[in-house]
Amino acid sequence: MTLTHIQGSNGAKTLVRVRPRGFCAGVVRAVDIVELALEAFGSPVYVHHEIVHNRYVVDQLRRRGAIFVESIDEVPVGAVLVFSAHGVPPRVRAEAKERQLKVIDATCPLVTKVHLEALKFAREGRTLILIGHRDHQEIVGTSGEAPERTVVVGSVQEVDELQVPDPTRLAFLTQTTLSLYDTQEIVARLRARFPSIADPASDDICYATQNRQEAVEALSREVDLILVVGSANSSNSNRLVEVAQRAGVSARLIEDANDIAAESLRNVRAVGLTAGASAPEILVEQVSQRLSSFGFTNHRDLDLIREDVRFTLPPELASRQGRAAN
């Protein structure tokens, strides 16, 4: 499909919306958990950190009675506490137990997988090289499994500067929301420096991150500008912008429709639209409407990868699963 073709014979400006986009199975599960916890236990329900990195989602849950906290000390003794989708270090679990909190774990199962791999490598006496953004909540949680054995790296340069106690006793894991390209470069350098380094049994970057990045690569061949709906603190949303830019297309991260100004679309004939894994579809619809008001009335859908992944709810909420809003 060429750019001329997607613009249509009438010369109208074009909006191409790509799938997959938006909520992944881990985010759906996490949001459902908070909603069902509010239904089961009433307000307030406390949530450790933002349940997912999206301002709209967090604001909607806050209006329903969720209270987001950064420290366990902020939660009253005996209250209901939900762990966010990004996971938490063991010390947070211990603090919650000390305060006799009723904990409901919304950690994405794919993040839990990385935690278990970290524990396995630590038990084998390996130094763990954790690839990711050291201040991201997911990295904070994973590195907390074996902090004395974990080193976080975020670039090839940091790999080059790495000093380890025993180069023959290493393993690496990755944050689930990284750029495939950047991660491959870092992993290649790790293997070049440390040929005996152990790797995870399967790729740590989650299916949704991979699928959305591949979709953006395909979309980049069809449009002059790509808009990514997502919050500034969303790792996977920022990586989508980088993937588009690396493919040679202008790209911008937008929180919602209000972030789009008419002048920013001057000389743009075809806009691509996607959304990070924590951005709800309602924001995509609002952005689409705003783009239509700016003359992007020739709408096309680019459906590339079908996703049918579903994660089960925690046992204490499983009986309410049929009422969950997806």
Using Cβ counts within 10 Å as a stand-in for footprinting exposure, how do 227, 273, 180 rank, fewest first? 180, 273, 227
Karplus-derived 3J(HN,Hα), 6.51/-1.76/1.60, for each residue of the stretch 258-274, Hz, glycine and proline x: 5, 7, 9, 10, 4, 5, 6, 10, 4, 6, 9, 9, 9, 10, x, 9, 9
How far is it, in nm, from the label point at residue 258 to the one at residue 163 when both lie 7 Å from their Cα along the line to the Cβ? 4.9
Provide 110, 116 in ascending order of the number of other Cβ atoms located within 10 Å of each residue's Cβ, fewest first. 116, 110
Residues meeting the amide H criterion for residue 297 (H placed from the backbone, H to H distance under 5 Å, 5 or more places apart or on another chain) are 13
May I ask for the net charge around residue 157, where only other residues with Cβ less than 13 Å from the Cβ of residue 157 are counted and Lys, Arg are +1 while Asp, Glu are -1? -3
Could you compute the FRET efficiency for residue 100 and residue 318, with r as their C-beta to C-beta distance and R0 at 25 Å, rounded to 0.05? 0.60
Suppose R0 equals 45 Å; then what is the FRET efficiency for residue 39 and residue 203 from their Cβ-Cβ distance, rounded to the nearest 0.05? 0.80
Pairs of alpha-carbon atoms within less than 8 angstrom and 6+ residues apart define the contacts here; what relative contact order does the chain have, in percent? 26
Give, in nm to one decimal, the length gained when the segment between residue 292 and residue 69 is fully stretched (0.36 nm per residue of separation minus the Cα-Cα distance). 76.4 nm
Counting only residues 5 or more places away or on other chains, whose amide H sits under 5 Å from the amide H of residue 108 once H atoms are built in the peptide plane? 86, 87
Residue 60-residue 191 FRET efficiency (beta carbon distance; Förster radius 45 Å; 0.05 resolution): 0.55
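No lab work stands behind these numbers, since they all come straight from the coordinates. Source: prediction; values computed, not measured. Neighbour counts run over all protein chains shown; Cβ positions are idealised from the backbone, glycine included.
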